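Worksheet: one structure, shown below.
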Amino acid sequence: MSAKQEDIELFHSMISRVLDQEIAPYYDQWEDAAGIPRSVWHTLGRAGMLGIDMPEAYGGAAASFEISQLAIEEIARMGFGGLASGYNIHANIVMPYILHLGSDEQKQRYLPAMISGEVLGAIAMTEPGAGSDLAAMRTTAERIPEGWRINGAKVFITNGLQAELVIVCAKTDPAAGARGVSLFLVDTALPGFSRGKGIRKIGQHASDTAELFFSDLVVPEEALLGEAGKGFAYLMQELPRERLGVGAQAIGASEGALALTLDYVQQRQAFGQRIADFQNTRFKLAEARARLEMARAYLDQCIARYHQGNMTPTDAAILKLMLTEMQCDIANECLQLFGGYGYTVEYPISRFFVDARVQTIYAGTSEIMKEVIARSMLGKEAPHR
Amino acid sequence: MTNAVDQQELALFRDSVIKALETEVAPHYEAWEKSGIVPRELWNTLGNAGMLCVDVPEECGGCGAPFQYSVVVGEELARLGFGALSTNVMVHSDIVAPYLSHLGNDEQKQAWLPKMVSGDAVGAIAMTEPGAGSDLQAIRTSAVKGGSDYILNGSKTFITNGQHADMVIVAAKTDPNAGARGISLFLVDTSLPGFSRGRNLDKIGQHSGDTSELFFSDMRVPASALLGEEGQGFVYLMRELPRERLVIGALGVAAARGSLDMTIAYTQERELFGQKLAQLQNTRFEIARMETDYRVNKAFVDQCIRQYEAGELDAPTASMAKYSATEMQCRVADGCLQLFGGYGYTTEYPISRNFIDARVQRIYGGTSEVMKEIIARSVLGRA
Ligand SMILES: Cc1cc2nc3c(=O)[nH]c(=O)nc-3n(C[C@H](O)[C@H](O)[C@H](O)COP(=O)(O)OP(=O)(O)OC[C@H]3O[C@@H](n4cnc5c(N)ncnc54)[C@H](O)[C@@H]3O)c2cc1C
Ligand SMILES: Cc1cc2nc3c(=O)[nH]c(=O)nc-3n(C[C@H](O)[C@H](O)[C@H](O)COP(=O)(O)OP(=O)(O)OC[C@H]3O[C@@H](n4cnc5c(N)ncnc54)[C@H](O)[C@@H]3O)c2cc1C
């Protein structure tokens, strides 16, 4: 692995310190308020937490990819599932899109501002009628002399309420199917852009999830990211990294849940012994540990491959499928070991449980991951009828 | 096996329950979920609609209906997605009221049952303490004789209906040295001095279900508050818990029906990749798996209900019903939520509530692990 051990340790302690000081004392409040104050992103930016692996030229730390995943993992380990999602979108998805696809000017304009936290990023693919089936999207971007005119609506957009910049996927050629999709860097201050009120969820309360509306929204020519018509190909190219980030979230959250539970079962007594002394408890926790070790090895392998530029979409799908399903199972088993306390908001294990549940849904559902894996083995299924 | 209950009449009763819930509960339920509790008047509304303690004998103000009628009320609450309210009503009608019917003397029955039937009094039962959940024998709340009264000291936690309760059945130690044999039950009138309520605990689901801490501080209750005999409390708990567990199982089965119904409808509407979600084989197999899971459990729970009515339901079998049906309920809610995609994670889609409401069913009324202990002992004896 390329990252030096001391680098990793240095970053690790920096990340932990920032989370302990700047996030932990307030996180419950943000969960209650169903949102993270915008200023927190500035704080994270100042602390060097955003764009860890971005080039120094843009203000990044140019650290290894591994360390950028470590940051996601640590946020999730602390039980800040909502923040982990928002962070994953901003730092691990939107920034790499711009770095990989943007023009020099686009990079100069957005990356430093995203690294400092001045600009918060979001990415808008999903629509009411197009989730798993992204090619069915109906948002359009029509060419006009001033640039492009965007019309349509998006749903479930993480960071949508606060973002200054949204990568919007739209059809520039509705007749061309997947080949008619393009990506736009949309400045949310422009007229014609509006947001719904936040979508209420059963978990990840602190993360903002919003509907976005575009009504004759005119963006300049330079808002196009990459080439017109290649949007779908870009999505397919970048989604593996997003899924890797979700995998890192899953590992971190599972380890965090397990650590809380290990503590609890050694303190709590029933029938004159510690909960930790019941064989059932021991075996449940042993199983969790065994799964985690396997998962960790696979994550490390994917990170190494990504680093070398040869992580395949199938690798990423296997990772996301197995790790997020594992996360839900572990959170579920751990909650059970807390008895009634596990059902109360006061005990953070309950948050690990509700925060986990969406991990098998967003960034491609478990079913879609299976589709991706199956196609790599069997090809596309033949249409019948 | 012939069924003593007239199924046609039962179906009519079920319809009337559904109608009442649709008018009195459905329009307000989301608001109650947000406020974290149901309004106190709801109990009177349910009482007026004839939905509380329906199997309480007529001489105590009830309508003396068979047990199945009481189950129907809980089932419909659960099926319609009112998880928290189903828990509240179950505790009141299917746990507290039967304790009184089975163990109370005439005076006690007359004092509380008619009011519980009308909703003028809300009932709760307080066993769990911070240091004693699964291990009920470890309770420390004490009841010490003081003249002709008992003086209660201690605290309870996780008490369903704790905020609204007018009467709480409190399990307390009358003889701290006698272990399980030193436990007695008291009918505690919450208007007496020395009683206080703590917070309504904030939970991840069943938001409108109130779950509270209760405190007893030199609380004097008259000797007439003793339910049954002194020192027999643990025996009574063991005797009554099977009914509680059976009803929790029945709620689980009904809630799963509700989850399945809404999911079946959704998969037939939602389109993706040029077809209905319901046409994808994975969806079909998931629905097939869950429908099977549901029916097997429904059959077992229904059998247990008949056994209970015949006085033949033993504790291990009731534990199997609770264990199996609530685990099934959680599996089904989870599988259904997944089929809703991102919408399943939002509060706007009721499947999300079914998912979070279900999770506690494997915990309260005795955890799945405690159910397995009971079942294992009946098969293998003590370890
Ligand atoms: C909290 C949250 C945050 C999100 N953040 C973002 C974001 O920032 N940006 C963004 O663009 N989107 C975001 N999403 C949207 C998310 O990616 C979609 O919800 C997800 O892709 C599923 O799409 P859908 O909800 O439309 O479900 P649908 O596509 O309608 O799926 C319904 C069900 O069908 C199954 N299914 C679909 N296709 C198949 C198949 N071929 N075979 C078998 N089963 C299938 C699915 O697995 C699912 O179980 C977010 C969602 C949530 C809940
Ligand atoms: C919403 C809600 C409503 C409730 N309503 C009421 C109410 O109205 N009245 C009331 O009295 N109580 C009520 N309870 C309390 C509930 O019954 C207890 O939470 C439950 O019995 C578990 O006890 P505990 O929480 O102390 O967990 P613990 O007993 O501490 O158990 C912790 C873990 O250890 C496991 N465990 C325990 N014993 C064993 C064993 N022998 N072998 C293996 N594993 C074991 C448990 O299964 C659990 O996983 C309610 C709880 C909730 C959450």
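Structure values in brief
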| read-out | value |
| --- | --- |
| Subset of segment A:69-90 (residues that are more than 12 Å from ligand 1 (Cβ to nearest atom) and within 14 Å of chain B (Cβ to nearest Cβ)) | A:G79 |
| Residues located in segment B:270-313, provided they are among the hydrophobic types (A, V, I, L, M, F, W, C), open to solvent by 80 Å² or more (accessible area, probe 1.4 Å) and assigned to a helix (DSSP H, G or I) | B:F285, B:V296 |
| Criterion (more than 13 Å from A:L224 (Cβ to Cβ), of a type in the set (G, A, S) and within 14 Å of chain B (Cβ to nearest Cβ)) met by exactly one of A:G160, A:G152, A:G192, A:G180 | A:G160 |
| In segment A:134-161, residue farthest from the chain's Cα centre (by Cα) [restricted to those that are closer than 23 Å to B:E271 by Cα and among the basic types (K, R)] | A:R138 |
| Matching residues in segment A:319-348 - criterion: being surrounded by 24 or more Cβ atoms within 10 Å (Cβ to Cβ) and among the aliphatic types (A, V, I, L, M) | A:L319, A:L323, A:I330, A:A331, A:L335, A:L337 |
| First in segment A:364-379 and touching a residue at least 40 places away in the same chain (Cβ under 8 Å), second anywhere and open to solvent by 40 Å² or more (accessible area, probe 1.4 Å) and within 6 Å of ligand 1 (Cβ to nearest atom), Cβ under 7 Å, 6 or more apart | A:T365/A:S132; A:E367/B:N282; A:I368/A:S132 |
| Top-ranked residue in segment B:136-159 [being within 24 Å of B:G209 (Cβ to Cβ) and open to solvent by 20 Å² or more (accessible area, probe 1.4 Å); ranked as nearest to the other protein chains (Cβ to nearest Cβ)] | B:F158 |
| All positions within segment A:18-65 that are open to solvent by less than 40 Å² (accessible area, probe 1.4 Å) and either among the charged types (D, E, K, R) or not assigned by TED's automatic domain parsing to the domain that holds A:N88 (or both) | A:E31, A:D53 |
| Residue within segment A:237-249 that is under 19 Å from the mean Cα position of the chain (by Cα) and within 16 Å of ligand 2 (Cβ to nearest atom) present | no |
| Tally of residues being open to solvent by 70 Å² or more (accessible area, probe 1.4 Å), modelled with pLDDT of 95 or more and aliphatic (A, V, I, L, M) across segment B:1-46 | 1 |
| Residues satisfying the stated conditions in segment A:343-368, i.e. more than 7 Å from chain B (Cβ to nearest Cβ), within 15 Å of ligand 2 (Cβ to nearest atom) and either over 30 Å from A:R274 (Cβ atoms) or touching a Ser or Thr at 6+ places or on another chain (Cβ under 7 Å) (or both) | A:I349 |
| Among the residues listed as A:V265, A:V219, A:V181, the single one being open to solvent by less than 10 Å² (accessible area, probe 1.4 Å) and within 22 Å of A:P145 (Cβ to Cβ) | A:V219 |
| Set A:Q308, A:Q273, A:Q267: member being more than 12 Å from ligand 2 (Cβ to nearest atom), free of Cβ contacts under 8 Å to residues at least 24 places away in the same chain and assigned by TED's automatic domain parsing to the domain that holds A:R357 | A:Q308 |
| Members of segment B:215-255 found to be closer than 21 Å to B:F67 by Cα and among the small types (G, A, S), listed by number | B:G249, B:A250, B:G252, B:A254, B:A255 |
| Residue match in segment A:215-224 (condition: more than 16 Å from ligand 2 (Cβ to nearest atom), hydroxyl-bearing (S, T, Y) and either in a strand (DSSP E or B) or over 30 Å from A:F65 (Cβ atoms) (or both)) | yes |
| Pick from segment B:141-169, criterion under 28 Å from B:I204 (Cα atoms) and of a type in the set (D, E, K, R), ranking: nearest to ligand 2 (Cβ to nearest atom) | B:K156 |
| Only listed residue being outside any loop (DSSP other than H, G, I, E, B), over 19 Å from B:A278 (Cα atoms) and open to solvent by 10 Å² or more (accessible area, probe 1.4 Å), chosen from B:S319, B:S324, B:S352 | B:S324 |
| Every pair of residues 6+ apart whose Cβ atoms lie under 6 Å, when the first sits in segment A:199-213 and is assigned to a strand (DSSP E or B) while the second is small (G, A, S) and more than 10 Å from ligand 1 (Cβ to nearest atom) | A:A210/A:G196; A:A210/A:G198; A:E211/A:G196; A:F213/A:A153; A:F213/A:S194 |
| For B:A138: the one exception among (1) within 12 Å of ligand 2 (Cβ to nearest atom); (2) within 17 Å of B:P193 (Cβ to Cβ); (3) of a type outside the set (S, T, N, Q) | (2) |
| Test: B:S86 is open to solvent by 30 Å² or more (accessible area, probe 1.4 Å) and more than 16 Å from ligand 1 (Cβ to nearest atom) | no |
| Residue list for segment A:24-49, restricted to those being under 17 Å from A:S13 (Cα atoms) and not polar (S, T, N, Q) | A:A24, A:L44, A:G45, A:R46, A:A47, A:G48, A:M49 |
| Boolean, A:G177 is modelled with pLDDT of 95 or more, over 30 Å from A:A297 (Cα atoms) and not acidic (D, E) | no |
| Flag for B:V332 being more than 12 Å from chain A (Cβ to nearest Cβ), out of contact with any strand residue (DSSP E or B) (no Cβ under 9 Å at 6 or more places or on another chain) and over 21 Å from B:L251 (Cβ atoms) | no |
| Candidate set from segment B:107-135 (those that are among the charged types (D, E, K, R) and surrounded by fewer than 17 Cβ atoms within 10 Å (Cβ to Cβ)); member that is farthest from the other protein chains (Cβ to nearest Cβ) | B:E107 |
| Selection status of B:S217, among the hydroxyl-bearing types (S, T, Y), away from chain A (no Cβ under 14 Å) and part of a strand (DSSP E or B) | yes |
| Residue list for segment B:355-369, restricted to those being within 19 Å of A:A356 (Cα to Cα) and either surrounded by fewer than 24 Cβ atoms within 10 Å (Cβ to Cβ) or within 16 Å of ligand 1 (Cβ to nearest atom) (or both) | B:F355, B:I356 |
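The values are calculated or read from the model by the stated rules, or taken from the named source; none is laboratory data. Model, not experiment: these values are computed from the prediction. Here Cβ is always computed from backbone atoms with ideal geometry, including for glycine, and neighbour counts include all displayed protein chains. Remember, those area values only see protein heavy atoms, side chains included, never the ligands or the DNA or RNA. Shrake-Rupley method; radii C 1.70, N 1.55, O 1.52, S 1.80 Å.
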